[in-house]
1. So how far, in whole Å, is the C-alpha centre of the stretch 54-86 from the one of the stretch 1-46?
2. Output the direction-averaged projected area (hull surface divided by four) of the convex hull of the alpha-carbon atoms of the chain, in nm².
3. Given a cut-off of 27 Å, name the pairs among K20/K107; K36/K82; K20/K82; K38/K82 whose C-alpha atoms lie farther apart than that in the structure shown.
Amino acid sequence: MNAGNLTKLLIKISHEDAAKWTHLCYIPEEIYNLYKEKHADNLSDMNATLSRWALEDFNKTMAMTTLEEFEELKGLIRDFCKETYPDIYLEQSTDRQGWLRVWVTKKMKEDMEKDGK
């Protein structure tokens, strides 16, 4: 897999009375293509997929439709990564999308493993 080939993931978030597409993170293109092949519905409703993953990993029910929920999820992911990867975790706001990529990629792989694919 070429680490330079990344695909941008977007989610639709309601902010200031308007829904807009918001950048979630970049993920490896190879993982994205495999996931899209087997779980296209999960990608077409990424908000619902993130909601399911938040419940699985953090026991947190979230609709993932508002900026506040998105910020809360990012905080949960940051705390997870800080605990899981203490030797490489840096407390920097600029690394937010990197940790989102780690978590989203991990969850996509888990979904595919559940199918035995």
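Computed from the coordinates by the stated procedures, all read-outs in this text should not be read as laboratory data. In this text the structure is predicted, and so the values were computed from the model without any measurement.
1. So the two Cα centres are separated by 17 Å.
2. Taking the Cα atoms of the chain, their convex hull projects to 7.8 nm² on average.
3. As for pairs spanning more than 27 Å Cα to Cα, those are K36/K82; K20/K82; K38/K82.
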